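Only one structure is covered here, and it is reproduced in the block below.
Any read-out appearing in this document is the output of simple, stated calculations on the displayed coordinates, not a laboratory observation. Bear in mind the structure is a predicted one, so any value in this text is a computation, not a measurement. Quick reminder, even Gly has a Cβ in these numbers, built from the backbone with ideal geometry, and neighbours come from all protein chains shown.
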Amino acid sequence: MSARLTPRTAALLTLPPLLWAGNAVVGRLVTDLVPPITLNFLRWVLAFAILLPLAAWVLRPGSGLWAHWRRFALLGLLGVGLYNALQYLALHTSTALNVTLVASSMPLWMMALGRLFFDARITRPQLLGALLSMAGVAVVLARGNLAQLAQLQLVPGDLYMLAATIAWAWYSWLLARRAEPDAIRADWAAFLLAQIVFGLGWSGLMTAGEWALTDARIQWGWPLAAALLFVAVGPAVLAYRCWGLGVQSAGPTVAGFFGNLTPLFAAVMSALFLGEAPRLYHAAAFALIVAGIVVSARR
């Protein structure tokens, strides 16, 4: 018997990986224009400005936000303050191959955290789905030559990405546990804005440390402005909205498998932007990743 993975839910969980792949591509393009943690802070400042007219009521004293500040502070730390800051930071010291491979462990962390802290049962289909999905990611990362995977070497960036992946898995499980007022949960803009309020505090502290401890600098111009607009509207607002809805509908474990579409989309985008034609292994990887999603969604 299949889990409730409807076409609508599948679409909701597919759009975020597409936008996150674009986020990775753009993040690499602006490496020389803005420091990584500062980039994360600026994207959420813009996202805050976009959402404020839609859900300013959530900042009022009686909205319920401040009564549940601990929960939103934790969500803001994991989903806004840490994940992308660590990812941008990882790309400065690690290769894209290593970073994406570490991120492909998301389904396993979803299952592990769910079992340890949320009393979630791990089924054989979920475990098989994780293996199939990760096999598809490995095919993309190795460009059809799996022998390349044996040459990987861990660097500090890989550890940053591992921490980012665990943070996102924890964030997704918290999303599935309703503990905030219904009025905030029912309003997607208010729910995200409530997280951003605290996330900006965490990200601001991290950015201050980046500027105090490094020779950080920003090269303002149209390329950076366009990049900031994209990462704020797409990977931040739209992706978080769709991911939240998808997690609530399908559950965090099934949603974690859709995250493995990100490196596949990134490979396709790189092919388009770099003028490289798609290869046969792209189709093979897509088949494995989709198979992992379908298998994991069965009870």
Problem set entry | Expected 222 nm ellipticity per residue - DSSP helices of 4 or more, -39500 (n - 2.57), all of the chain, to 500 | -23000 deg cm²/dmol
Exercise. Relative contact order for the chain: what is it in percent, counting Cα pairs under 8 Å that are at least 6 residues apart?
Worked result: 43
Problem set entry | Protection-proxy order for peptides 60-71, 254-265, 226-237, 12-23, each taking the mean of Cβ atoms within 10 Å per residue, highest first | 254-265, 12-23, 226-237, 60-71
Seminar exercise, completed: Heads up, the stretch 161-299 by the C-alpha gyration tensor (a ≥ b ≥ c square roots of eigenvalues; a/c under 1.5 rounded, else a/b over b/c prolate, else oblate) looks oblate
For this session: Could you tell me the distance between the Cα centroids of the stretch 7-68 and the stretch 186-228, to the nearest Å?
Result: 9
For this session: Compute the Cα gyration tensor for the stretch 148-215, then decide on rounded, prolate or oblate, letting a ≥ b ≥ c be the square roots of its eigenvalues: rounded whenever a/c is under 1.5, prolate when a/b is larger than b/c in the other cases, and oblate in all that remain.
Result: oblate
Exercise. When N is the residue count of the stretch 2-110, what does its C-alpha Rg come to as a fraction of 2.2 N^0.38 Å?
Worked result: 1.29
For this session: When a/c is below 1.5 the answer is rounded, else prolate if a/b is larger than b/c, else oblate, so apply that to the stretch 1-43 with a ≥ b ≥ c taken from the square roots of the Cα gyration tensor eigenvalues.
Result: prolate
Exercise. Where does each of 157-163, 78-84, 179-185 land if you order them by average Cβ count within 10 Å, highest first?
Worked result: 78-84, 157-163, 179-185
Seminar exercise, completed: Gyration tensor (Cα only) of the chain to equivalent ellipsoid, semi-axes in Å sorted down, yields 29, 25, 17
Exercise. Computed FRET efficiency, Cβ-Cβ of residue 60 and residue 281, R0 51 Å: what is it to the nearest 0.05?
Worked result: 0.45
Exercise. Spin-label point model (7 Å from Cα, Cβ direction): what's the residue 8 to residue 122 distance in nm?
Worked result: 3.3
